[in-house]
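The values are calculated or read from the model by the stated rules, or taken from the named source; none is laboratory data. Because the structure is a prediction, the values reported are computed rather than measured. Cβ atoms come from the backbone with ideal geometry, glycine included; neighbour counts cover every protein chain shown. Heads up: the accessible areas ignore ligands, DNA and RNA and are worked out on the full protein's heavy atoms, side chains in. Shrake-Rupley method; radii C 1.70, N 1.55, O 1.52, S 1.80 Å.
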Amino acid sequence: MSTLIKDAKVLEAGHLTLTDILIENGHIEAMGHELHTKYGAADHVICAGKHFVTPGLVDVHVHLREPGLTDKETIDTGTMAAAHGGFTTVGAMPNVEPVPDTPEKVALMVAENAQKAHVHVAQYASITKQRTSEELVDFEGVKQAGAFAVSNDGSGVQTAETMYQAMCGAAKAGLTVAAHVEDESLKGDGVMNAGPVADKLGLPGIPGISESSQIARDVLLAEASGVHYHVCHVSTAESVRVVRDAKRAGINVTCEVAPHHLLLTDEDITMDNPMLKMNPPLRSPKDRAALIAGLLDGTIDMIATDHAPHTDAQKAGSMRTAAFGITGLETAFATMYTTFVKTRILTLSQLIDLMSTKPAQLFGLHQAGQLKPGTPADLAIIDLEHQYEIKADQMFSKGHNSPFVGWQVYGDVLMTLVDGQVAYGKDQHA
Ligand SMILES: [Zn+2]
């Protein structure tokens, strides 16, 4: 079966150029003009209407909540949200029930994902059994079973000995260690960034050093073990500085930043508001400036949403008791494009690098993050011209916990194709 996408604007050496894209059997067969003269008429034609066509976005940090927490999200709804956001590959975090901490459990999740997902799912295994004990997973085994990386996301690995042994084992198996960094002895019972805003609101704070000090420990362990060490959701100026210094020293470290840490600060928390509660928390304007500087100088390698859906009840009430986390898949591209590309802080090509090409490359997802003949037809058609309002009732995620509802943005995803098949089309409703 063949599909022709007509009048697509694609990035070519940093510039938008008009082309047609011919898809055959799920792969991009050719790009150019007058393709029918060489290839004949296609079975289907999709008119891109001179809108932007991007390689499918790649998000290495997503919580699909299945198995075990399906009141928050399922593989079905979470990957539909991904397709709606222009994502064609997502990395599924292992803080589900049961935790994928054995080859058998990983294999089961990989099979479930393949059956239920609307986009490609790369599956994480945990670093330790149950994400809590000191007992490591069988790294070779989980890799064989299909895990693409390991992470204990949601909690930091508390002892250096466990982290070092994990890194040695993961390095041997060729697995990336993606670390949620958080020293529990420094974290306390905080619910937002420690600082003047928390003091004013009378809410307990989470100090930035609970994050940065564990990165400092880990980069040295990464150097000693030779592993690819990836830091999840960096949020402080000191974290960026430690990663920058580690890269300069030649250590194999990469890191991601979440859109909300680039778009909001603790100063946006003017009252006890659970919709602005996440871990790591929104930090100070100084931290936000350092994150943007880190994006611009290449210290920060990629953007990842940390899509964390919860039920309405879990996000109601006070920040003291509500769950940590916000959704992100359906708002990431538009909020980032509007705030950073429309204002010329980033170019469109830099944003696509950060949201597609680099996460795919650095996590070894070699089929993803590209738009050229020979690659899978994973792509999204995005309207960059027309302004629209982010609305909760247009989201596919089960979680309604987004602080971006009501934002006026550009970058509306019109259609998303995965392996040449329509995974999302704008006529589809949530
Ligand atoms: Zn995390």
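Each Cα pair under 8 Å and six or more residues apart adds its sequence gap; the mean of these over the residue count of segment 258-314 is a relative contact order of 42 percent.
Using C-alpha pairs below 8 Å separated by at least 6 residues, the relative contact order for the chain is 19 percent.
Ordering 410, 337 from largest to smallest accessible area (1.4 angstrom probe), what's the sequence?
Heavy-atom accessible area, descending, gives 410, 337.
Summing charges over all other residues whose Cβ lies under 12 Å from the Cβ of residue 323, with Lys and Arg as +1 and Asp and Glu as -1, gives +3. Overall, the chain carries a charge dipole of about 600 debye about its Cα centre when +1 sits on the Cβ of Lys and Arg and -1 on the Cβ of Asp and Glu, all other atoms neutral. Taking every pair of alpha-carbon atoms in the chain, what share in percent sits in each 10 Å bin, from 0 to the bin with the longest distance? That works out to 5, 23, 33, 26, 11, 2, 0, in percent per bin.
Mind scanning 9/372; 9/342; 129/315; 72/358; 6/50; 143/172 and naming the pairs with a C-alpha gap bigger than 19 Å? Beyond 19 Å between Cα atoms: 129/315; 72/358. Centre-to-centre, using Cα atoms only, segment 255-270 and segment 211-226 are separated by 24 Å. Stretching residue 7 away from residue 316 to a fully extended chain increases their span by 106.7 nm, per 0.36 nm per residue minus the current alpha-carbon distance.
By accessible area, using a 1.4 Å probe on protein heavy atoms only, the chain has 52% of its surface on carbon and sulfur. Using DSSP H assignments, which helices in the chain have an axial alpha-carbon span of 15 Å or above and a mean Kyte-Doolittle hydropathy of 0.0 or higher? Correct list, ordered by number: 160-173, 209-225, 285-296. When the helices of the chain are scored as -39500 (n - 2.57) per DSSP H run of n ≥ 4 and the total is divided over every residue, the value at 222 nm lands at -7500 deg cm²/dmol. Based on protein heavy atoms only, segment 211-277 ends up with 33 Å² per residue of surface accessible to a 1.4 Å probe. For residue 66, neighbours were defined as the other residues whose beta-carbon sits under 11 Å from its Cβ, and their charges (Lys and Arg +1, Asp and Glu -1) total -1.
Quick one: which residues, 5+ away or cross-chain, put their amide H under 5 Å from the amide H of residue 206? H built at 1.01 Å from N. Placed amide hydrogens put 191, 192, 193, 194 under 5 Å from residue 206.
Taking other residues whose beta carbon is less than 12 angstrom from the beta carbon of residue 363, and scoring Lys, Arg as +1 and Asp, Glu as -1, yields -2. Peptides 90-100, 203-213 ranked from most to least packed, by the mean per-residue count of other Cβ atoms within 10 Å: 90-100, 203-213.
Please figure out what share of the DSSP beta bridges in the chain is antiparallel and state it in percent, rounded to the nearest 5. The antiparallel fraction comes to roughly 50 percent.
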